Amino acid sequence: MNVRLILVLMVWPFAAIAQGFAGLGQGAEGFATPRPGVALEFPADHGAHPSYRIEWWYLTANLKGEDGRSYGVQWTLFRSALAPETREGWADPQIWMGHAGLTTPERHFVAERLARGGIGQAGVTAVPFGAWIDGWRMQGRAAEGRDELSALSLTAQGTDFAYDLDLTAEGPLVAHGQSGYSTKSESGQASYYYSQPFYRVAGTLDLPEGPIAVTGRAWLDREWSSQPLDAEQKGWDWVSLHFESGEKLMGFQLRSTDGAYTSGTWIGADGRAEPFEDGVLTMTPLGRARVAGRDLPVRWRLELPAKGLDVEIDALNAQSWMETRFAYWEGPVRITGSHRGEGYLEMTGYE
Amino acid sequence: MYRTALSALLSHWRRHPMQLGSLLLGLALATALWSGVQAINAEARASYDRAAGVLAQDRLEQLVPTDGQRFSQEVYVALRRAGWDISPVLEGRWSRAGRSVRILGIEPLSLPAGAAPQPVAAGGDMAAFLSQPGQGFAAPQTVAALDGADGLPPLTAAPDMVPGMVLVDIGIAQGLLRAEGEVSRLLVAPAQPVGRTPLGEVAPGLSLRAPQAEADVANLTGSFHLNLTAFGFLSFAVGLFIVHSAIGLAFEQRRPMFRTLRALGLPLGALVAILAAEVLILALAAGLVGIGLGYGIAAALLPDVAATLRGLYGAALPGSLSLRPEWWLGGLGIAMLGAGVAAAQSLWRLWHLPLLAPAQPRAWARASARALARQGALAGGLAVVAVLAGLFGQGVAGGFVLLGALLLSAALALPGVLALILGAAERASRGALAQWFWADTRQQLPGLSLALMALLLALAANVGVGTMVASFRLTFTGWLDQRLSSEFYVTARNEAEAGRLHDWLEPRSDALLPIWKIEGPVRGRTAEVYGVADHPTYSENWPILTGTPDLWQSLARGEGAIVNEQLWRREGLRLGDSLTLPGGAERALVGVYSDYGNPRGQVIIGVEDLTALYPEVERLRYAIRIDPEKVPDLRRALVDEFGLPADNMIDQASVKRFSLQVFERTFAVTAALNVLTMGVAGFAMFTSLLTLATMRLPQLAPVWALGLTRGRLARLELVRALLLAALTMVLALPVGLVLAWALLSVVNVAAFGWRLPMHVFPADWLWLGALALAAAGLAAAWPALRLARMPPLRLLKVFADER
Amino acid sequence: MLLQLHDVEKAYDSGAGRVSVLRGVSMAVAAGETVALTGESGSGKSTVLHLCAGLDLPDSGRIEVEGQDIAAADDRARAALRRDAVGLVFQQFNLIPSLDVAANLAFQARLAGRQDAPWVADLARRLGLADLMDRYPEQLSGGQQQRVAIGRTLAARPRLILADEPTGNLDEETGDAVLDLMLGLVAEAGVGLLLVTHSPRLAARLDRRLLLKGGRLA
């Protein structure tokens, strides 16, 4: 999935400007580039790939309290390399960024972290699996012999919220594109991309009004690459949806000056992946809301005729704005129509 | 109506340009000295604020090590992982080949929002900043000063940076400062995440420090600026004396005119309003002139002030002055305020006196015995305050309370004391003329007392400051002789060359003494740690103030340390106390030495001890003991045979010359202000005498009519002025000496950290006395000359006039 | 009536207690009338004049100038009265020393906002001051100074002139000349004149004579 790739590639220069530096090193010289036909290897690929320019561990969760109230949680660790290597100490060119979000029907909490590699402040290990930045952790707790990502504990803290969740996978890892090689445009940009969309979640949210016990579902995305995207692409709309049938959908459209490019993967309840090409999925904005000084479509119609899908998705909280160095919209959605369920929506590039 | 009346009132000044001149000049001079000093202070304050604002540490809390040492960055990582939102800072001094600069290492990603230094926030290449060899930001003059320096990252000029500092990434800083894995302190973001582990559990060695409104340097230099401010205020007070007398006289002289104007139908309110407006106009004009003069004074003094601050405190100031509203508006304000205060009394009297009351210019210059007694009582009270401040006062503030109370008390007591002396002289005198002379002098005292008080202040300040500077110079030159006992000093360009240099010099000199040092925190502040060889050069010459008898042996054994007076006084150390060196080693304090002109603490240990504790110490400098006559040959051989650049060597004489030069610049400002204050006081004397001369005709005319020539009268007038000046000088002397004592033993200790022995220089007093007499003589000369040449008709008119 | 005094009393504090100066003085001056107020030194002549000009206030009684009670008026109103209705000529000349003759002559008229340049020039000529216009007061003789003072008062065209020994500082000859001039101009302008003098010879030349004795009119 290339959407998050764009996000990161755009995030870095902006983050850099916010910190007072323009133009963090551009271009992919010396970095490895994804090639087709290379099989993913686990557990090694759960860890970091420093020879690639960018990478992330991206988790979203749809949760419910004991009283039936809905909540959403986001936990993301981005890695960006200034050079394709690792070093000891401050000289390490690997830079890490964490985003955490917590959405309730009324409020949306955000936190952001930046850290240098090489000193132990942030990083990822494959075995035993662990990803961390400051006090935020995504810690593997898989049983002996099972995939390292099959069970996780997840925690993050902001100035006014925190969460602590346990995740257990009830299905296999899902590779997107051609066995994890995911092409992104006609000009050939690509990434390695796989997901674990089958998590069951239980844990606690710490809100200003007190702790809340929650349960629900979560979706983890893993992706790494080195290539930037085309300049014409203005932004994107991306969804990850859990249907009550046990089926799942990852889909997105890239908005560019000459129309939209759509793509995604239909995932069966057993974890079988069916990637689809441009034009198969139709995404139509239905209702807009005023968010952070701009109009954003927080209600959509999604049509995927091949699967008999015709649904509306609607934001749990229209104000799910990630006020980070590079700001975007990311929040939980409810699904109604031909299929029912819940999921996550991400939108960028609306000015 | 207003315009007509105003033009009539203003016409007075046209007919009395001298009076107008003295009013304007007095106010302008007062404003000039005040605003000049304020301009310098404002410039310095802005510079300190900029230093404090670097990394926003004026707004942010910080985590600092309790033992003052640098600590491991593992502590930083542990705190981050425990939830603390903090950012590491590493700072220290980098020196190589005689060039030295403060290095500030930051971590841009974790810096709290808004804490990024302005030049960095303005733009740059993040990748270049973070990766080897890094990128440094520094003030343009610092970049120029470091041009071509080996070992620093490429530098980018950033106008808003504090001079004398290079900002780099923390990783680069660790390399430059040889502090791998070390951190000086941590900046704490204002908003912290929930659920942090308590500080004590993660990092027991750190403590939370509140935001520092001022940088350390501002604290250090505070006393220096207080010093300048005190001088500025003194000058302003002297200037106000002039303004007060000029305005008071102008009001009194125009009383008949006020009466006429009111008789012709000008309402009282309008008259007061016009006069107030007139005072404001004059104050505005004089204030503007004064600010112009003040700018000139400040611009002329700023290089010396900058040199002083750099030499004494290591504080960097820009060499140029900017026109900041905070001081020029302040200067204008104080000119208005001063004129207002000076005019308030006159306006109040005008408002309350009945229309038909006669003018009394002579009464204006007459003070009742009751007023003198009141003034004397006030002087006594202030003297008590001064004594109390001297006995119980603490620090710079206590010192200045002592100085202020002392000076004011002396000034207030002056008229009373002079009256007593003159009264005694009057009783002791025989001849009628002598009796008249003393009585008449005493009668004049009130009119002159403001000017004489100003003169007393100026003279006492001159004696006090002069004694301090001269004592300092005497002590300093003696100390330089002790401190700089080696004949020649060399610095190698790198370690390899240093080794070769050592081997080359060894057979060519009597002794080769390493001058090696490291810098690091001692007792929480950056200090230098030197190592000395076990050589008689030190035991025979080093200016030890106090110490154990075997202190040099104790250093050689690596067991003891000696510190400079500043560190000793600041920390209240005692011999035998344990001193923690950078890195944590402990040494017993075995001695204290004087170290004038150094703002920072300094520690000396044995050179073997130094190299054992800090194996990475730069071993480039040596002091050479050699027959002074062989120095030129050695210098030539070093250049020609060894190939050391001439810049890398210096002989004893040059070091001394340079040190004395720094010293002279340090006190150039004080001297300049001293001279200016004297000038203002002299001017006050002149205007007062001039004023009195016109009013004194009715007193002189009868004496003239009774048979004294005008020439004789004029000579007596001159003698009178000289006599009063001489008496004032005699009274100023003890005041000045107490002032000098307070400066040397109270203010200097608090301000600089060293105490100086007081030396007295009677020849200087004679010189100053002559200067005071010359000022008084010059001031009295013109009025006396006018009297001598006055047409008899004018004297006769005194009898013709009804009043 | 131009000026009217009803039963005016005035006392001053002196070192030896309160001294009564006026003990019920009533008198009047009509427009175009010249009245001499005579009496010995200390009889209160000057006090009457000061009270009439509003330079001081009576302890009791009324003083009306053009029907206005000046005791009831505030300081501002009394100042306006002096500016507009009344002209004062003193024994001491009270010229403004820092202004030249021309400026002194025009001064009160300008203060009152009634400048009449041809009139001032005419006055200057008739007072014999035309050649002295750029001199300063200290450069003039006593008679010249008093002529400037009279000219200053007349230049403002007051309705009532209050004069206090206007020729007291002058020798007899000069004094007579100055008085002639003043009386001539007063008659011509039709203003009222109250002139205080201790000289019966001078008083005899006015329309009416009043004698002040022991604080009362005899």
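The values are calculated or read from the model by the stated rules, or taken from the named source; none is laboratory data. As the structure is a computational prediction, the values presented were derived from the model and not from experiment. Neighbour counts run over all protein chains shown; Cβ positions are idealised from the backbone, glycine included. For accessibility, only protein heavy atoms count, side chains too; no ligands or nucleic acids. Shrake-Rupley method; radii C 1.70, N 1.55, O 1.52, S 1.80 Å.
Structural remarks
- Averaged over the residues of B:77-83, the number of partner chain Cβ atoms lying within 10 Å of the residue Cβ comes to 5.
- Within the full protein context, the accessible area of A:Ser256 is estimated at about 30 Å² for a probe radius of 1.4 Å.
- Solvent-accessible area buried by pairing B with A, both sides, nearest 100 square angstrom, 1.4 angstrom probe: 2500 Å²
- CD proxy at 222 nm, helix term only [per DSSP H run n ≥ 4: -39500 (n - 2.57); per residue of chain A; nearest 500]: -1500 deg cm²/dmol
- Considering only alpha-carbon pairs that sit under 8 angstrom and 6 or more positions apart, the relative contact order computed for region B:59-211 is 43 percent.
- Applied to region C:138-149, the Karplus parametrisation 6.51 cos²θ - 1.76 cosθ + 1.60 on θ = phi - 60° returns per-residue 3J(HN,Hα) values of 5, 8, 10, 6, x, x, 4, 4, 5, 5, 5, 4 Hz, with x for Gly and Pro.
- Degrees between helix C:172-189 axis and first principal axis of chain C (Cα, 0 to 90, nearest 10): 90 degrees
- Cα long-axis angle, helix B:268-313 against chain B (0 to 90 degrees, to the nearest 10): 30 degrees
- Peptide B:263-274 - average C-beta neighbours from other chains (10 Å radius): 6
- Taking chain A and dividing mean pair separation by its residue count, relative contact order in percent (alpha carbons under 8 Å, at least six apart): 15 percent
- Nearby lysines by direct alpha-carbon distance to C:Lys213 (threshold 20 angstrom, same-chain neighbours under 8 apart not counted): C:Lys10, C:Lys45
- Counting Cβ atoms of other protein chains within 10 Å of each Cβ in A:116-123 and taking the mean gives 5.
- 222 nm mean residue ellipticity, helices alone, for chain B (DSSP H n ≥ 4; -39,500 (n - 2.57); rounded to 500): -20500 deg cm²/dmol
- Cα convex hull volume per residue for region A:138-180 (Å³): 98 Å³
- Protein heavy-atom surface of region C:3-217, 1.4 angstrom probe: 46% of the accessible area is carbon and sulfur, with nucleic acids and ligands not counted.
- Top positive-direction residue, dipole computed over chain B with Cβ charges, set B:Tyr489, B:Ala339, B:Gly423: B:Gly423
- In percent, rounded to a whole number, the relative contact order of chain B is 17, using alpha-carbon pairs under 8 Å and six or more apart.
- Proximal lysines to A:Lys234, defined as alpha-carbon separation beneath 20 angstrom and excluding residues fewer than eight positions away on the same chain: A:Lys184
- Computed from backbone phi with θ = phi - 60° and the Karplus coefficients 6.51, -1.76 and 1.60, the 3J(HN,Hα) list for region A:162-169 is 7, 8, 9, 10, 10, 10, 10, 7 Hz; x is used for glycine and proline.
- Taken across both chains, chains B and C shield about 2200 Å² of accessible surface from a 1.4 Å probe.
- Whole-number D in µm² s⁻¹ for chain A, Kirkwood Cα-pair radius fed into Stokes-Einstein, 4 °C, 1.567 mPa s: 64 µm²/s
- All aspartates and glutamates inside 15 Å of B:Lys656 as judged from Cα atoms, apart from same-chain residues fewer than 8 positions distant: B:Asp481, B:Glu487, B:Asp595, B:Glu664
- A compact globular protein would have a Cα radius of gyration near 2.2 N^0.38 Å; the ratio found for region C:1-117 is 1.18.
- Radius of gyration over Kirkwood radius for region B:127-212, both on Cα atoms: the Rg/Rh ratio is 1.08.
- Low-density loop positions, trypsin sites (Lys or Arg not before Pro), region A:79-147 - DSSP coil, at most 11 other Cβ in 10 Å: A:Arg146
- Estimated vicinal HN-Hα couplings, Hz - region B:406-418 in sequence order (Karplus 6.51, -1.76, 1.60; Gly, Pro = x): 4, 5, 5, 4, 4, 5, 5, 6, 3, x, x, 4, 4
- Dipole-positive endmost among C:Leu22, C:Ser46, C:Val186 within region C:3-217 (Cβ charges, Cα centre): C:Leu22
- Charge dipole (debye, nearest 20) of region C:3-217; +1 at Cβ of Lys and Arg, -1 at Cβ of Asp and Glu: 300 debye
- Over region B:59-211, volume per residue of the alpha carbon convex hull, in Å³: 111 Å³
- Overall dimensions of the protein assembly as shown by Cα: Rg and Dmax, Å: 46.5, 144
- Cα long-axis angle, helix B:710-742 against chain B (0 to 90 degrees, to the nearest 10): 30 degrees
- Our helix-only sum for chain C, with -39,500 (n - 2.57) per DSSP H run of n ≥ 4 divided by its residues, gives a mean residue ellipticity at 222 nm of -10500 deg cm²/dmol.
- Among residues other than B:Ser509 with Cβ under 10 Å from its Cβ, the summed charge is -1 (Lys and Arg +1, Asp and Glu -1).
- Restricting the GluC sites (Glu not before Pro) of region A:95-194 to loop positions (DSSP other than H, G, I, E, B) with no more than 14 neighbouring Cβ atoms within 10 Å leaves A:Glu106, A:Glu144, A:Glu170, A:Glu186.
- Residue-normalised accessible area of the protein assembly as shown, given per residue in Å² at a 1.4 Å probe: 39 Å²
- When all protein chains stay in place and ligands, DNA and RNA are ignored, the 1.4 Å accessible-area order of A:Lys307, C:Lys45, C:Lys213, largest first, is C:Lys213, A:Lys307, C:Lys45.
- Net lengthening on full extension, B:Asp150/B:Ala432 (0.36 nm per residue, minus Cα-Cα): 92.9 nm
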